[in-house]
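Scroll down for the structure; my scribbles are underneath it.
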Amino acid sequence: MKTMPRTVQSFDSDWLFHLGDLPVRHAVKGGMTGGLTDCEQIAEGEWLKIAYFDEREQAALNERDWKTVNLPHDWCVEGNYVYDGDIVKHHKSHGYLPVGIGCYRKVFEIPAGDLGEKIIIEFDGVMRNSTVWVNGHLMGTHQSGYTGFCYDITDIARYGEEGQNVIFVKVDASDYEGWWYEGCGIYRHVWLIKTDRLHVGRNGTYVTTPVVREDEAQINIKTTIYNEYAHSMSGIIKTSIADRTKQVVASFSNKITIEGDNHTEVEMVMALMAPNLWSPEEPYLYEVITEIYDANENQMLDIYKTPLG
């Protein structure tokens, strides 16, 4: 029986940072790339000619060109101001910090006991355009510095004795989104999230309060639940509202059945009597707690919390 239905682990420490661009030498159709985006060596054999678009020598990590950093990190503020005088006729004419491209790399391990869980890497914010590889696999590109994003690494992670994992992030901050100082790099937190395959989706709880009075508030809650098992799963979803002393003041439960590799939305309405109303003078917050149990209610599979004000 699992003792931790959902874990959210800080992924901020012990990154390596390189200022400037680094080409990823191999573009692959399948399998690992080796080099900077992985910790394994390129395999020898005839498949190499099939999998790679080119056969240049793989990139090597020169330790002198990298430094250890903890996140959040902004390499722009570490630079030197540039003054262009009358050359540039806008805000840069007063002096500015140059932007550009930087690369981050982190080696990490995942215990063998996590095999079968869902493993997500969540970025709260990267300024600005980021491209992410994990174990040589291109995960994707995110083109905004102000919105968070995540990647599911469940199927490409190495567990236990399978070996170490590598995440490689290239950040291109050459383009601006605003005219103010924006910085460069992984400037917000990063998290490693582990859940059961039956779980609440990312940002999966949506709360509205269509009726709010001093004597009563109506709370509408919609929760998206994913079943990423290959087979149908039944369970129980329990939703509670807790005040800021952690006391439960309202609750509701539903039975659910979700087909394999599918998701569903559960909607419920609760009444909150004599609510403490949020105001600037008294910023009172409640918390919506969503719990998912197996069909026999013997085991909690997931827990997800959302603030409510």
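The values are calculated or read from the model by the stated rules, or taken from the named source; none is laboratory data. As the structure is a computational prediction, the values presented were derived from the model and not from experiment. In this analysis, Cβ positions are derived from the backbone assuming ideal geometry, glycine residues included, and neighbour counts consider all displayed protein chains. Accessible surface is based on the protein model in full, side chains and every heavy atom, while ligands, DNA and RNA are left aside. Shrake-Rupley method; radii C 1.70, N 1.55, O 1.52, S 1.80 Å.
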query = In the neighborhood of F168, defined by Cβ-to-Cβ distances under 11 Å, what is the net charge if each Lys or Arg adds +1 and each Asp or Glu adds -1?
reply = +2
inquiry  = What percentages make up the Cα-Cα pair-distance distribution of the stretch 104-217 when the bins are 5 Å wide from 0?
reply    = 2, 10, 18, 18, 14, 12, 9, 7, 4, 3, 2, 0
key: For the chain, accessible area per residue (1.4 Å probe, heavy atoms of protein chains only), Å²   = 54
ask   = Roughly what would the spin-label model give for L61 and K238, points 7 Å off Cα along C-beta, in nm?
value = 4.4
query = Near C184, within a Cβ-to-Cβ distance under 10 Å, what is the net charge of the other residues, with Lys and Arg +1 and Asp and Glu -1?
reply = -3
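Given Cβ point charges of +1 (Lys, Arg) and -1 (Asp, Glu) and nothing else, what value in debye, to the nearest 20, does the dipole of the stretch 141-241 about its Cα centre take?
220
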query = What spacing in nm lies between the two simple spin-label points modelled at V77 and H189, each 7 Å away from Cα in the Cβ direction?
reply = 1.7
inquiry  = Can you give me the % of accessible surface on the stretch 155-308 that is carbon or sulfur? Probe 1.4 Å, all protein chains present, nothing else counted.
reply    = 48
Cα gyration tensor, the stretch 141-299 - rounded (a/c under 1.5), prolate or oblate = oblate
ask   = Which of the cysteines found in the chain have nothing to pair with, since no other Cys Cβ lies under 4.7 Å from theirs?
value = C39, C103, C150
Base-10 log of normalised Debye intensity for the stretch 124-183 (one unit scatterer per alpha-carbon) at q = 0.18, 0.28, 0.30 Å⁻¹ = -0.67, -1.16, -1.26
inquiry  = I want to verify a result. In a Gaussian network model of the chain, Cα cutoff 10 Å, which of these has the top mean-square fluctuation: V190, V269, V288?
reply    = V269
inquiry  = Between E281, E265, E63, where does the largest GNM mean-square fluctuation fall for the chain, given springs only between Cα atoms within less than 10 Å?
reply    = E281
query = Between Y176 and T141, what length comes free when the chain is fully extended (0.36 nm per residue of separation minus the Cα-Cα distance, one decimal in nm)?
reply = 10.9 nm
query = Extension gain V249-L19, at 0.36 nm per residue separation less the Cα-Cα distance, in nm?
reply = 77.6 nm
task = Alpha carbons only, please: Rg and Dmax for the chain, in angstrom.
result = 23.7, 74
